[in-house]
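*Asks:* Pasting a structure here, questions to come.
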Amino acid sequence: MNPPPRWFGHRQLPRPEEDLEDQGLSFDVGTLIERRKVLAGMGVGTLAFALAACSPTGTQGSPSPSTAAEIPDETAGPYPGDGSNGPDVLEQSGIVRSDIRSSFGTSTTTAEGIPMTLELKIVDMANNNQPFEGVAVYVWHCDRSGEYSMYSSGLENENYLRGVQVADAEGLVRYTSIFPACYAGRWPHIHFEVYPDTGSITDHTTAIATSQVALPQETCTAVYATTGYEQSVKNLQGVSLDSDNVFGDDSGATQLATVTGDTSAGYTVRLTVNVNTNTEATGGGAPGGGGAPGGAGAPGGGGAPGGMPTGRPPALPDGQQPGTDPTASAPAGS
């Protein structure tokens, strides 16, 4: 017998037998959009962005104006968590959130590290470079040890440092997170996927852009000198933007973020993301080979059938800790 209908305001709950927080991704996104409309009417979103833009702290990295080229399509790497390579966090209620530091669902573990606010401004190149309002943006990155939730050994049941936001009228999405580590073989980076609307976020094949944010060297050097990031010091010395297997073709010309802040107050990382829906999206998917982060300081390990990583790190030599061999290579685009 079907349960009687239940309502949240003027909206009927899709799962009347479940609690409000378990109504699914589509319901979460709808709630977010309604709240944003209320805030827009009050001018809160515009005011917050204007205040952030007036930060007195120094700026690092190169600006990325809306007149720049289209954001390059990149691999999603072996640890996307979008269903293209094993686990799928995008099917879970609660993934639409601005603060991605903690796991949600069955765990509440919080990733530790230097505070970081990530702001992406999505631009619709096919619409005269207007703000791309309404697109859903999925962001994920490693923790301060260079490990990825959902994949690394011991973190299979965690989903921290992953989240979805919907672009506002200015094309902005904003996340509260921690500064990621540098693991061997890759320049410090943040992954993201852009979806055309909220209804398509659960199907990774519908992404209209898949790319990565490169973090400026000066900022990375400052962060990695703090407690908890020790392994990143050697790893950063072993890679450069020019040699990186993602950013190396142009040194991250359109992917290098601008950064303000310091290690005490935290950092704000900003990037303008130009998306052209008139061109075919060629990014996404995981590269062949490789396993989970941890082996010899970088994502590595045996491959699963079809060349996909198994999500398990290889055994390490006695006494060797994850993330400590800067000569190791990472899977392409990890």
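The values are calculated or read from the model by the stated rules, or taken from the named source; none is laboratory data. A quick note: this is a predicted structure, and the numbers were derived from the prediction, not measured. Because the Cβ atoms are built from the backbone with ideal geometry, glycine has one as well, and the counts that use them run over all protein chains shown. These accessible areas exclude ligands, DNA and RNA; they are computed on the full protein's heavy atoms, side chains included. Shrake-Rupley method; radii C 1.70, N 1.55, O 1.52, S 1.80 Å.
*Asks:* Just the accessible area per residue of the stretch 120-167, please: how many Å² with a 1.4 Å probe?
*Replies:* Solvent-accessible surface per residue comes out at 30 Å².
*Asks:* Further question on the same structure: In whole angstrom, note down how far apart the Cα centers of the stretch 77-112 and the stretch 169-248 are.
*Replies:* 16 Å
*Asks:* Turning to a different aspect of this structure: Between Asn127 and Asp99, what is the label-to-label distance in nm when each label sits 7 Å out along the Cα-to-Cβ direction?
*Replies:* Calculated label separation equals 3.1 nm.
*Asks:* Can you give the net charge of the other residues whose Cβ lies under 10 Å from the Cβ of Ala281, counting K and R as +1 and D and E as -1?
*Replies:* Result for the neighbourhood of Ala281: -3.
*Asks:* Order 83-91, 208-216 from most to least packed using the mean count of other Cβ atoms within 10 Å.
*Replies:* 208-216, 83-91
*Asks:* How far apart, in nm, are two points set 7 Å out from the Cα along the Cα-to-Cβ line at Ala69 and at Ala253?
*Replies:* Calculated label separation equals 0.4 nm.
*Asks:* Could you sort 134-142, 165-173 so that the peptide with the highest average Cβ count within 10 Å comes first and the rest follow in order?
*Replies:* Values: 134-142: 24.4, 165-173: 20.8.
Peptide ranking by packing, descending: 134-142, 165-173.
*Asks:* Among 103-115, 176-188, 250-262, what's the highest-first ranking by average C-beta atoms within 10 angstrom per residue?
*Replies:* On the way: 103-115: 16.5, 176-188: 26.7, 250-262: 19.9.
Ranked by mean Cβ neighbours within 10 Å, highest first: 176-188, 250-262, 103-115.
*Asks:* Which percentage, to the nearest 5, of the DSSP beta bridges contained in the stretch 115-275 is antiparallel?
*Replies:* Once the DSSP bridges in the stretch 115-275 are tallied, antiparallel ones form about 75 percent.
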